[in-house]
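The values are calculated or read from the model by the stated rules, or taken from the named source; none is laboratory data. Please read these numbers as outputs of a predicted model, since none were measured by experiment. With ideal geometry, Cβ positions are generated from the backbone for all residues, glycine too; neighbour counts draw on all protein chains shown. In case anyone asks, the SASA skips ligands and DNA or RNA and just uses the protein heavy atoms, side chains included. Shrake-Rupley method; radii C 1.70, N 1.55, O 1.52, S 1.80 Å.
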Amino acid sequence: MLPEAFLARMQQMLGEAQLGRYSAAYTFANIMFVIFGALNRTWCPFFFDEMKEGRRDAMLEKTKNFLELFTVLACGFILLAPEVYHVYADRSFWPSTSVIPLFVISYYLNFLCTFPVNYEYYHKQTKVVATVTIFASLLNVVLNYLLIQAMGMVGAALATAVSHSVQLVLHHFEK
């Protein structure tokens, strides 16, 4: 769910019609986030068990399979989303079809972050996780303010994708 303060500010910047389109596309793309959450909840026990037992090769093989699975799901979702969204949403919402791939890319980047984040959790580096998350969140707020004014709802979706990219890079270099 989008926070109320964010929605209120977006409504001021975009107007009700464009915010409604953005919210519909966000809700539709949220299917990928639900899939990501379910897969990650099943992935974490495997990861922590393999790390605890020191079975690096087995963990890397499972990581590769998990990465391939979610990559195929994300690509498939992006390819099929426009047609399915046009069945799901009224014609007046179709202009928001263009932001769905950006949402899916954001979820994919968030998925990629789970690998270094789980590693950091395993090694009890929770301050790193918190610091990077706070920085990425603040960056998202700033980018939303700048990009919504310049690009509307595409700017809001792009801001999220960029902040997730930065979050991934920061976690990668922290390992």
Contact list, first residue from segment 5-33 and under 15 Å from ALA150 (Cα atoms) and part of a helix (DSSP H, G or I), second anywhere and among the basic types (Lys, Arg) and open to solvent by 50 Å² or more (accessible area, probe 1.4 Å), beta-carbon distance below 9 Å, six or more apart or interchain, is LEU14/ARG21
Here the residues within segment 58-70 that are within 17 Å of TYR107 (Cβ to Cβ) and open to solvent by 40 Å² or more (accessible area, probe 1.4 Å) are LEU67, GLU68, LEU69
Q: Please indicate, with yes or no, whether at least one residue in segment 119-127 is among the aromatic types (Phe, Trp, Tyr) and under 19 Å from SER23 (Cα atoms).
A: no
Within segment 9-49, the residues that are open to solvent by less than 70 Å² (accessible area, probe 1.4 Å), at pLDDT 75 or above and aliphatic (A, V, I, L, M) are MET13, LEU14, ALA17, LEU19, ALA24, ALA25, ALA29, MET32, ILE35, ALA38, LEU39
Within segment 114-153, restricting to residues that are β-branched (Val, Ile, Thr) and surrounded by 17 or more Cβ atoms within 10 Å (Cβ to Cβ), the one that is nearest to THR42 (Cα to Cα) is THR114
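Hey, among the residues in segment 161-175 that are at pLDDT below 95 and in a helix (DSSP H, G or I), which one's surrounded by the most Cβ atoms within 10 Å (Cβ to Cβ)?
Within segment 161-175, the first condition is being at pLDDT below 95, and the residues that meet it are 171-175.
Within this subset, residues satisfying the condition of being in a helix (DSSP H, G or I) are 171-174.
Numbers: HIS171: 22, HIS172: 12, PHE173: 9, GLU174: 15.
Applying the filter and picking the extreme gives HIS171.
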The number of residues in segment 71-104 that are surrounded by 15 or more Cβ atoms within 10 Å (Cβ to Cβ), in contact (Cβ under 8 Å) with a residue 40 or more places away in the chain and closer than 17 Å to THR27 by Cβ is 13
(1) without any contact (Cβ under 8 Å) to a residue 12 or more places away in the chain; (2) surrounded by 16 or more Cβ atoms within 10 Å (Cβ to Cβ) all hold for ARG55 apart from (2)
